[in-house]
Structures are given as C-alpha cells and as structure tokens.
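I have placed the structure first, in the form of structure tokens, so that the comments after it can refer back to it.
The values are calculated or read from the model by the stated rules, or taken from the named source; none is laboratory data. Computed from a predicted structure; not experimentally measured. We place every Cβ from the backbone using ideal geometry, glycine too, and count neighbours over all the protein chains shown. With ligands, DNA and RNA removed, areas are computed over all heavy atoms of the protein, side chains included. Shrake-Rupley method; radii C 1.70, N 1.55, O 1.52, S 1.80 Å.
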Amino acid sequence: MADLTPWRRRLIAAACGLALAAGAAPFSIIWFLFLAVPMLGWMLLQCTTARMGFGIGWWAGVTYFGGSMYWIVEPFFVDAARHAWMAPFALVAVATGMALFWGVAFGLAARFRGQSRILAMVAFWVLAEFVRGFIFTGFPWGMLSYGWSQTPVFQNLSWVGPYGLTFVTLLIAAFPLLMNRRLGVALTLLSITGLWIAGQTRMAEVPETETIVRLVQPNAPQHLKWDADWVRVFYDRAVAATEAEDPPTVVVWPETSVPFIWGANPSAEARMIRAARGAHLIAGHRKFDENTVLNSLLHLDGTGALVADYDKHHLVPFGEFVPLGDLAGRLGIHGLAAND
C-alpha cells in the first residue's frame, strides 16, 4: 500500500464506512455496499501487517456505527438540560467500541495470504457481527443485511437468517476481488438477481388473506410517559384508538404502553380486551422478576387469553440500561435509563 499514506488509507476506510451506513434506515441504500466492500477488500490485500488491517476495519467501523447508530443519543434529550452534553460522548463510545469488532476481523484476515485473505475477511467480518450480537448482553442492531429491508431480497432471511444473509451479501460483493474483475462483477449481478427472484418467489407463496393490523400510537412524549398526571391520558388514547372504526384482525400497542403490571388490574385488562373486540392484541408491558424490571411483550388471543409473553433480552445501551451503570452511579451520574 505504498501509494497510500496512512491518513489517506484511513480517510478511504472512513468513507467506505459511511457508504455502508447509507444502507441502514432511513436511507436503506444497499447498493453502496457493492462499492465499499471491494474497496475495503482491495486495501486489505495491500496490507503488510495485521495492524494495518485492524486500522482499515476500525476506521470503517467508526464511521459506519457513528452514521447508522445516531439514534442512540435520543435518551439524552428527554431531559436535555441535564443530559444533552453527554450525547456526543455516548455516540463516540458506541461507534469506537463497536468498531473494535470490525478492526479485529480485518486484523485477523490480514494474516492470510493472497485471495484467501478476502475469504477470511468475509468470514471474520460475519463472525465479528455474531459476537457483537451476544457479548456483554449483545448489541445486534445495524447488521449489514438490514440494508435489504426495502427489497424482496430481505425475504431470504426466512432461509438463512440475518447472519447468513450478511455472509452471502459480503461474499457476492467480494466476487470482483476473487476472480477476473469482469467475471466477478457479472457473477455479483447474477447473484443479486437470484436473491431478488428468490425473495419475490417467497412473497408469492404468502396466501392472500384479509388481515387488518391496527397500529396504536398514543403519542406520549418521553418526558411525560410516566408522569402520574398523564399515564391515564395515554392509556385512554390507546384504548380509544383500539376500538375505533371496524374491528381489525390484530391490534399492536407500542413498547411499554401498558401502564400497569399485567394481572394486577383486572378491570383495566378487561377494558383492553373489550376494545379489541375479538382481535388478537399485542402490547408492550413491564413486569418484575425479583429485583429486575423486564421490558416484555404480551400476546392475547381473540378471547383475551394470554398466548405468549416475551421478555426482551437485548437492551439498548443508554436507552434501556446504562453500561457500567453502577460505576456511573457512584460517580454521581444518574437517571439516564428507566432501570435507575
């Protein structure tokens, strides 16, 4: 990589990370990935040390996670006067911390030789994403395969899952580096076409049924959501929206929208069931497990019987838990998450 100075290499890697971030919502421009991945792979092929490979992956990861995880700062603006100053520090911490996974993946790949280095890049990259989704409670948001969400290709998740689709996407993006460039580009286009057709075929298999899904939104500002004077207002709004117009097939309430512990308020529960008028009701609620408050989702059938109750196990840092929260509390930093 003699033609590139260290800073040019970092700038190109960072630009590739931003291109990859464009594949995340709300842009969902997955096509930039097929430019960024070959560029990152080309730079990796020029690396002479694992440290150089680590730098490429890390700089790409910093801008990718910084550009796609901007929403992580929202909890700090609930009480902006007290906490807004911490927002940039949280975003920088998330971006630089998550980028370490990509850095390690590229660093390990740089230890390989020849074209096997590209295959190693793809394999270690996906492995890094898998580890990122589970280690330290897990942070599975922002996988590259989510960029397909606005296309039929996303339907392939039903066969290979998000990690499988990430692997397939990275592999076909790397084809131009694994063979003759023209043949590689042609095979990439052919593979995308195949994934697209497979997704459309999957969509065509869905039976045509009359299903009405009603999404209920009480429009509760975060700073008022748990205010004692407003809790009943937002609950009444959700009930009124549920029973509005014709009965739907399914009613979906937002996360933590049930303002009471399920099973402790029979009259309020009965009111929700009556409002659904025989529809299945899916609603977010909180429940206690010993000393822990769980962010859960309940599913009631048309008779009001509890079908399932799911506890969220990947919590959003800063929004639902504070990393190193005990240490932060001892330092006098309080009140960023609901479990304080």
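Which one of these is touching a helix residue (DSSP H, G or I) at 6+ places or on another chain (Cβ under 9 Å), modelled with pLDDT of 90 or more and within 23 Å of His314 (Cβ to Cβ): Val258, Val216?
Val258
Which of the helices (runs of 4 or more DSSP H) found entirely inside region 108-190 contain at least 1 residues meeting this: modelled with pLDDT of 95 or more and exposed (fewer than 15 other Cβ atoms within 10 Å of the Cβ)?
116-132, 157-173
Report the residue count in region 274-291 for those that are touching a residue at least 24 places away in the same chain (Cβ under 8 Å) and in a strand (DSSP E or B).
9
If I filter region 191-230 down to residues being within 29 Å of the chain's Cα centre (by Cα) and under 22 Å from Leu300 (Cα atoms), which single residue comes out as surrounded by the fewest Cβ atoms within 10 Å (Cβ to Cβ)?
Out of the qualifying residues, it is Thr211.
In region 68-82, how many residues are of a type outside the set (Asp, Glu), open to solvent by 30 Å² or more (accessible area, probe 1.4 Å), assigned to a helix (DSSP H, G or I) and touching a residue at least 12 places away in the same chain (Cβ under 8 Å)?
3
Which numbered condition in (1) in contact (Cβ under 8 Å) with a residue 60 or more places away in the chain; (2) touching a Leu at 6+ places or on another chain (Cβ under 7 Å); (3) open to solvent by 10 Å² or more (accessible area, probe 1.4 Å) is the only one that Thr49 fails?
Checking Thr49 against (1) in contact (Cβ under 8 Å) with a residue 60 or more places away in the chain; (2) touching a Leu at 6+ places or on another chain (Cβ under 7 Å); (3) open to solvent by 10 Å² or more (accessible area, probe 1.4 Å), the one that fails is (2).
Here's the yes/no breakdown for (1) assigned to a helix (DSSP H, G or I); (2) touching a residue at least 24 places away in the same chain (Cβ under 8 Å):
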residue: Trp196; (1), (2): yes, yes
residue: Gly199; (1), (2): yes, yes
residue: His223; (1), (2): no, yes
residue: Val233; (1), (2): yes, no
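Identify all residues within region 251-273 that are open to solvent by less than 30 Å² (accessible area, probe 1.4 Å) and part of a strand (DSSP E or B); write none if there are none.
Residue satisfying the conditions is Val251 alone.
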